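**Q** Once you've had a glance at the structure underneath, I'll fire off some questions.
The values are calculated or read from the model by the stated rules, or taken from the named source; none is laboratory data. Only a predicted model underlies this, so the values are computations on that prediction, with no experimental measurement involved. Note that each Cβ is placed from the backbone with ideal geometry, even for glycine, and that neighbours are counted across all protein chains shown.
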Amino acid sequence: MNMHVWTIYLLAAIGLSLTPGPNGLLSLTHGACFGFRATVFTILGGALGFFVLIAASLAGLGALLAASEQAFTVMKWIGAAYLVYLGIRVWRAPAPALAAASREREMPEAGPIQLFSQGFLVAVTNPKGLIFFAAFLPQFMVPGMSYLEQLVLFGGTFILVEILYELMLARTAQQIAPWLARHGRWFNRATGGVFVGVGAVLTTMSR
């Protein structure tokens, strides 16, 4: 792949990452509730989920979901159910406490594995993501280039962009912690409601 084509792909990946989605919202929420360093686990989990989607798309599973109504429906309902479950948990969560001035606060209810798992599951259970990558990536694929090379190039570029964007969201969330100390309960309800809403909308999606 020449530099011109890769630059176009990079710009497209940046545009895709900037589009509001469940993983960006999750990073913002976790950044506010658990602090920046803890949210890195959430972001890495989401990055792995996106990498799995890209690998599956390059391997042809995106075309399978696009062709199979049953496979798409199963994935759609799994993704929707998890988003609704996550939304209810966020809705019921207490307002995040202020961090100490000199350090980020500890995580009272969520460990690294749980945060990583949430990020991964939100990314990987979205069938629209798989189908989008299946439709998006072929525009940039290079004939004769091996699967592994394309996975490293396309997957690595997108994951790097996505990680940087979500780190920015998590850092921004931590900076508004004083406001959240006063209005955190409403913030949790708003973000939890958005997760539930996204899950509900996902059930209405068709191929």
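**Q** Could you tell me whether any residue of region 17-39 is over 25 Å from residue 179 (Cβ atoms) and not charged (D, E, K, R)?
**A** Within region 17-39, the first condition is being over 25 Å from residue 179 (Cβ atoms), and the residues that meet it are 17, 19.
Then keep just the ones that are not charged (D, E, K, R); that gives 17, 19.
Yes: region 17-39 contains one or more residues that are over 25 Å from residue 179 (Cβ atoms) and not charged (D, E, K, R).
**Q** Given the options 62, 31, 24, 79, name the one that is in a helix (DSSP H, G or I), crowded, with 23+ Cβ neighbours inside 10 Å and at pLDDT 80 or above.
**A** Details: 62 fails: at pLDDT 80 or above; 24 fails: crowded, with 23+ Cβ neighbours inside 10 Å; 79 fails: at pLDDT 80 or above.
Sole residue among the options that is in a helix (DSSP H, G or I), crowded, with 23+ Cβ neighbours inside 10 Å and at pLDDT 80 or above: 31.
**Q** Out of all the residues in region 166-179, is one or more in contact with a Leu (Cβ under 9 Å, 6 or more places away or on another chain), closer than 22 Å to residue 132 by Cβ and either among the basic types (Lys, Arg) or at pLDDT 75 or above (or both)? Steps first, please.
**A** Residues of region 166-179 in contact with a Leu (Cβ under 9 Å, 6 or more places away or on another chain): 166, 169-170, 172-173, 177-178.
Then keep just the ones that are closer than 22 Å to residue 132 by Cβ; that gives 166, 169.
Within this subset, residues satisfying the condition of being either among the basic types (Lys, Arg) or at pLDDT 75 or above (or both) are 166, 169.
Yes, the conditions are met somewhere in region 166-179.
**Q** Please pick out the residue among 44, 11 that is more than 28 Å from residue 204 (Cβ to Cβ) and surrounded by fewer than 16 Cβ atoms within 10 Å (Cβ to Cβ).
**A** 11
**Q** Let me ask you something else. Pull out all pairs, ordered by first then second residue, where Cβ-Cβ is under 8 Å, the residues are six or more apart or on different chains, the first lies in region 146-172 and is on the phi > 0 side of the Ramachandran plot, and the second is assigned to a helix (DSSP H, G or I) and modelled with pLDDT of 90 or more.
**A** Every condition considered, no pair remains.
**Q** Now, a different point. Any chance you could count how many residues in region 84-129 are more than 20 Å from residue 194 (Cβ to Cβ), out of contact with any Pro (no Cβ under 8 Å at 6 or more places or on another chain) and at pLDDT below 75?
**A** Here the count works out to 12.
**Q** Only one residue in 13, 47 is modelled with pLDDT of 85 or more, in contact with an Asp or Glu (Cβ under 9 Å, 6 or more places away or on another chain) and of a type outside the set (Val, Ile, Thr), so which one is that? It would help to see each step written out before you state the result.
**A** Working: 13 fails: modelled with pLDDT of 85 or more.
Going through 13, 47 in turn, the sole match is 47.
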